[in-house]
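> First the structure, which I've put down as structure tokens, then a few questions once you've had a look.
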Amino acid sequence: MWQKVSELINQKIKKKGASPLLLSCQVCYQAMKISEGSFKPLSFQNGVLVILAPDPSTASSIRLSQSQIIAQINQALKRPVVQKIRVKIKG
């Protein structure tokens, strides 16, 4: 019986306990793709994505579009993992 390589990798990751780290990387990668350089994802843990904005106006823009950003990331990952975004301002 054949199995997809991705399925085998996911099984091994779950067994080894690296699943939260992998999920964090996937969320940050998707956030980086969505940002198109306007912000930088810093971390993801317990459903909270932390983003670094370069200035206060960008931070406000991120907060206003928070629900769309969350929806895009969750859609790309095909499961609802991001629940909240916390924005920090570079300074």
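Values quoted throughout were computed directly from the atomic coordinates according to the rules given, and no laboratory measurement underlies them. In this text, all values refer to a predicted model and were calculated from it rather than measured experimentally. Cβ sites come from the backbone with ideal geometry, for glycine too, and all protein chains shown count toward neighbours.
> Sort out which residues of segment 57-67 are over 16 Å from Lys84 (Cβ atoms) and surrounded by fewer than 12 Cβ atoms within 10 Å (Cβ to Cβ), and write them in order of number. Explain how you work it out, then say what you get.
Let us first name the residues in segment 57-67 that are over 16 Å from Lys84 (Cβ atoms), namely 57-58, 60-61.
The answer is Ser57, and nothing else.
> Does Gln26 count as closer than 13 Å to Val82 by Cα and of a type in the set (S, T, N, Q)?
Working: closer than 13 Å to Val82 by Cα: yes; of a type in the set (S, T, N, Q): yes.
Yes, satisfied.
> Right, here's the next one. Within segment 24-49, track down each residue that is crowded, with 16+ Cβ neighbours inside 10 Å and within 8 Å of the chain's Cα centre (by Cα).
Matches in segment 24-49: Ser24, Val27, Cys28, Gln30, Ala31, Pro41, Phe44, Leu49.
> In the set Leu22, Leu64, Leu42, which member is under 21 Å from Ile9 (Cβ atoms), of a type outside the set (Phe, Trp, Tyr) and free of Cβ contacts under 8 Å to residues at least 60 places away in the same chain? Let's see the steps before the verdict.
Values: Leu64 fails: under 21 Å from Ile9 (Cβ atoms); Leu42 fails: under 21 Å from Ile9 (Cβ atoms).
Going through Leu22, Leu64, Leu42 in turn, the sole match is Leu22.
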